[in-house]
Amino acid sequence: MAQYILHKAESRGHDHLEWLDSRKTFSFGDYYNPKRMGFGALRVLNDDVLAAGKGFGAHPHDNMEIISIPLEGSLQHEDNVGNKEMVTAGQVQVMSTGSGLFHSEYNYSPSLPARFLQIWVYPEALNTDPQYTRMELPSALRKDQLYEFIRPGNDGSATTIRKDTWFSIGTFGKGPSIPYPIHQNGNGVYAFVINGSFEIDGRELHARDGLGVWEAEAITFRSLSDGAELLLMEVPMNI
Amino acid sequence: MIQILAVGYNAPIMEVVNRLIRNHGNWNGTIAQTKQEALARLSAGTYDVVLLCAGVTNEDEADFRQFMEAVLPDAKLVRHFGGGSGLLESEIRNAVDNKRTF
């Protein structure tokens, strides 16, 4: 029988600094909640706002798959493996940090805040070569349907972080129920409402709420508002 | 004070981990940057948490676990994922909360 855990937006950890406002679904930084240590292989889901021109200076990472999804504005990315580029709303950045890299991320705008989701997934193997990918999230392909942008295999249309992880995103008008079949036994799916409201398996979720579902073969979601945006992260429940 | 031995083979990252541990008011840290150095420190010191960082393989982890069962059975062996400060606090606190899970 399907299992559920609901994380309401207001239950998240919160840090407010001069340069960063961060809401954390799971334990991160100074926010520690032993009941919020992740959802299967999904370990971090931070909802960050960077002040104009501010950002994260050069700092290291290793052995973590880090997905950044700008929601508003642009991030200026630079790392020590040769990548220097902008990542803007409508794109996604994927870093497989493997054996280790240093990077910085700054809000490119001198006048407006930048909002982005920072997502960390445990890697399947340790100490692999670091990799960096930036890809588009075409708005036409995620309107009233899910656009799969992370999945196993490498056909060029999506990126891969580990062989058993699928990420999808879509923007929906108020409408009928849509099924999402879970791809692999042992996986769970974490649904995060970016904007608007959804009903997922009979549970009502609003902006920035999250719902984890496991021991299920599928979920069904329905947008309750126009322009509602949903991110689905299907990950192994055993790390 | 929580006594931590951080083991990792990526020197620039271990420099950051060392700084993070030393700057924490409740932690006292020691760094080992080779397997041999880590085993020597485990033989000589007492630690609450042994933190495995960048470069440590699964085989090394198994060796450390086996060694610790003999010399430091009350210490907790945990992986530090992510390299920086993001998960460090919750990994250490969770390890101390759930100490001794060999």
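List of remarks:
- Shape of the range A:183-239, Cα gyration tensor, a/c cut at 1.5: prolate
- Relative contact order [Cα under 8 Å, 6+ residues apart], the range A:83-239, whole percent: 21
- Ordered from longest to shortest, the equivalent ellipsoid semi-axes for chain B are 18, 16, 12 Å, each the square root of 5 times a Cα gyration tensor eigenvalue.
- For chain B, the list of trypsin sites (Lys or Arg not before Pro) that fall in a loop by DSSP and count at most 14 other C-beta atoms within 10 angstrom reads B:Lys99, B:Arg100.
- Dipole of the protein assembly as shown, positive direction: furthest Cα of B:Ile31, A:Thr165, A:Leu117, with charges on the beta-carbon: B:Ile31
- Cβ crowding within 10 Å ranks A:Tyr147, A:Tyr4 as A:Tyr4, A:Tyr147, fewest other Cβ atoms first.
- Helical mean residue ellipticity (222 nm; -39500 (n - 2.57) per DSSP H run of 4+; nearest 500) of the protein assembly as shown: -4000 deg cm²/dmol
- Shape of the range A:12-136, Cα gyration tensor, a/c cut at 1.5: oblate
- Partner lysines whose Cα lies under 21 Å from the Cα of A:Lys8, excluding those fewer than 8 positions away in the same chain, are identified as A:Lys24, A:Lys35.
- Exposed loop sites, defined as GluC sites (Glu not before Pro) outside DSSP H, G, I, E and B with at most 10 other Cβ atoms within 10 Å, are absent from the longest region of chain A, namely A:19-216.
- For a paramagnetic label modelled on A:Ala140 (point 7 Å from Cα along Cα→Cβ), amide N atoms under 19 Å away belong, within the range A:159-176, to A:169-173.
- Gaussian network model of chain A, springs between alpha carbon atoms under 10 Å - residue of A:Thr128, A:Thr25, A:Thr165 with greatest fluctuation: A:Thr128
- Residue exposure sequence - B:Leu51, A:Leu141 - by fewest surrounding Cβ within 10 Å: A:Leu141, B:Leu51
- Residue among A:Leu75, A:Leu112, A:Leu50 with the largest mean-square fluctuation in a Gaussian network model of chain A, springs linking Cα atoms under 10 Å: A:Leu112
- Separation between Cα centres of the range B:1-43 and the range A:215-239, rounded to whole Å: 40
- GNM remark for chain B: springs join alpha carbons under 10 Å apart, and the peak mean-square fluctuation among B:Val50, B:Val71, B:Val17 falls on B:Val71.
- When both the range A:88-115 and the range A:176-201 are represented by their alpha-carbon centers, they are found 26 Å apart.
- Cα shape, chain A, gyration tensor, a/c 1.5 rule: rounded
Values quoted throughout were computed directly from the atomic coordinates according to the rules given, and no laboratory measurement underlies them. Quantities reported herein were computed from a predicted structural model and do not represent experimental measurements. Heads up, the Cβs are rebuilt from the backbone with ideal geometry, glycines too, and the neighbour counts pull from every protein chain shown.
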